[in-house]
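Have a look at the structure below, then the notes.
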Amino acid sequence: MTTGATEREQWGSRAGFILAAVGSAVGLGNMWRFSYVSAQGGGIYFVALYLIFVAMVGIPVMTSEFAIGRLAQQSPAQALKRLGGDRWSPLGWLFVFCGFGILSYYSVIAGWTIRYSVDAFRHAIPTDTAAYFGAVSTGSGAVVGHLLFMAITIFIVLKGIHKGLERAAIIMMPMLFLLIIALAIWSSTLTNAGAGYGAYLNTDLGNISFMSVVNNAVGQAFFSLSLGMGALMTYASYLRSKENLGKEATIVAMTDFGVAFTAGLIVFPIIYSFGIADQVGMSMVGALFIALPAGLQLLGSSGDWIVLAFFIMLFFAALTSAISLLEVVVTAFIDHGMARRTAALGAGMLIVLAGIPSAVFNLNLLTAIDQIVGNFLLILGGLLTAILVGWKLLPQADAELAQGMSSKTARKGWALLIKYLIPPVLFVVLILGVIPATWTSIKTLFGI
Ligand code: PHE
């Protein structure tokens with residue numbers, strides 16, 4: 001095993017680590033899910049509840065993942081077995097499975113962003129964006145996009161932590177921030193921007209149940225913050241400097257929220273200013289990939305540049321997240337003694353194959369896998385992580401946090417949340433919300 005402290009790779013700087021973690025968190029989930037879920041269920045109440053969950057559940061779970069990762073200096077697949085005993089070994093492998101499963105469909109969606117960017121650049125997006133989306137999102141075109149996206153992801157992961165992951169984050173994340181700010185400013189100048197903001201942050205509770213808002217908020221928090229599958233645990237395992245992990249978790253979570261919130265400020269004014277709100281329909285995919293380009297088409301060729309900026313931003317967001325998904329799988333095999341090169345190529349190729357059904361068949365399959373792996377398994381993983389850290393590894397995790405996080409009160413608060421609040425909350429959400437929703441999507445998939 002190559003776990004010796006001297007040989008293990010590490011991040012080049014604190015900023016590099018933070019940007020990479022933000023890169024993992026900020027992804028398609030921010031752009032694709034957050035504002036849509038908000039508009040459909042609870043508006044401003046959803047946003048408020050989401051923030052409460054981020055503070056009470058997301059940040060403490062992220063802090064725990066960071067602590068365990070840095071303490072172990074090993075991939076979760078090995079670390080959980082060593083620290084928690086044999087019984088906890090399957091959890092580490094569940095993480096690997098989730099990384100594999102999420103990336104297999106995530107890459108398919110990310111592949112569409114490549115196609116949209118290229119076609120926007122060539123001024124080749126047709127006016128009938130619904131038909132265009134149909135052609136891009138399934139079949140051979142989707143397979144090509146998926147392949148290309150995976151090839152880029154594998155290439156970066158091959159280069160390693162410092163030269164691959166860190167460099168990619170340092171280059172792409174600042175560009176993403178610039179693009180998102182520029183687009184939000186542009187969007188605010190549109191004629192119906194106010195109506196868009198109103199729809200996004202509505203105060204209409206309608207007939208939405210409190211449980212479904214809670215359910216959406218928890219699911220969105222786990223997915224968006226990359227929690228529950230050891231991605232940030234893996235990143236922290238390459239960290240040796242003793243920085244304040246509670247503070248890092250707060251920075252990552254708040255940046256992630258800021259980007260998700262701002263993405264809504266871009267999308268909704270566009271949708272409302274071009275009178276295409278009815279085309280958004282029932283799907284969040286529809287909002288971004290059909291309604292948005294349709295609206296921007298009305299601006300003529302200058303609209304294509306906005307489409308290009310938007311999809312490049314989406315592509316950067318997706319890529320830095322995909323890298324972290326692949327890294328979870330790759331680190332597990334590296335710590336098993338495999339070379340990075342073999343692990344990245346091998347795992348990457350298997351994920352390419354696993355994603356082909358999501359690219360070829362209809363969107364129901366992709367949605368069902370997203371529900372099972374991207375929602376159910378992440379929350380389950382988060383629940384088990386909280387139980388492990390709160391009830392078995394608390395002294396070790398607290399001692400690890402103490403190196404850099406000097407406030408005893410902050411650590412006490414963290415310990416109380418991870419031990420007493422988070423496990424029951426996640427358990428209830430899982431039983432009452434997530435499991436029934438997962439069951440429904442499986443039934444839809446099989447038409448029963
Ligand atoms: N956080 C990413 C997003 O919002 C997705 C992701 C989930 C990445 C889990 C890594 C781990 O798109």
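Here are the numbers for this structure:
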{"read-out": "Centre separation in Å (Cα based) which lies between the range 108-147 and the range 375-420", "value": "42"}
{"read-out": "Binned Cα-Cα distances of the range 72-136, short to long, each 5 Å bin given as a whole percent", "value": "4, 15, 15, 13, 9, 8, 7, 8, 8, 8, 5, 1"}
{"read-out": "The chain - accessible surface per residue (Å², probe 1.4 Å)", "value": "37"}
{"read-out": "Principal axis dimensions, largest first and in whole angstrom, of the range 334-448 by Cα", "value": "53, 43, 19"}
{"read-out": "Whole-angstrom gap from the range 22-37 to the range 57-72, using each part's C-alpha centre", "value": "21"}
{"read-out": "Degrees, to the nearest 10: 44-53 long Cα axis against longest axis of the chain", "value": "10"}
{"read-out": "Residue-count net charge about Arg33 - beta-carbon cut-off 13 Å; Lys, Arg +1, Asp, Glu -1", "value": "-2"}
{"read-out": "Cα-based Rg and Dmax for the chain, where Dmax is the largest Cα-Cα distance (Å)", "value": "20.9, 62"}
{"read-out": "Percent of Cα-Cα distances greater than 21 Å, calculated over the range 250-358", "value": "55"}
{"read-out": "q = 0.12, 0.24, 0.27 Å⁻¹, the range 182-251: log10 I(q)/I(0) [Debye, one scatterer per Cα]", "value": "-0.65, -1.05, -1.16"}
{"read-out": "Intensity falloff of the range 62-218 expressed as log10 I(q)/I(0), Debye formula with alpha-carbon point scatterers, at q = 0.08, 0.15, 0.16 Å⁻¹", "value": "-0.43, -1.25, -1.29"}
{"read-out": "Percent carbon-and-sulfur accessible area, the chain, ignoring ligands, DNA and RNA, probe 1.4 Å", "value": "69"}
{"read-out": "Lysine-lysine proximity count for the chain, Cα under 24 Å, sequence distance 8 or more or distinct chains", "value": "16"}
{"read-out": "Which of Gly141, Ile170, Pro90, positive extreme of dipole for the range 73-203 (C-beta unit charges)", "value": "Pro90"}
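The values are calculated or read from the model by the stated rules, or taken from the named source; none is laboratory data. Bear in mind that the values here come from a model prediction, so they are computed numbers and not experimental data. A quick note on method: Cβ atoms are made from the backbone with ideal geometry, for glycine too, and the neighbour counts reach across all protein chains shown. Side chains are part of the model used for accessible areas, which takes the heavy atoms of the whole protein and leaves out ligands, DNA and RNA. Shrake-Rupley method; radii C 1.70, N 1.55, O 1.52, S 1.80 Å.
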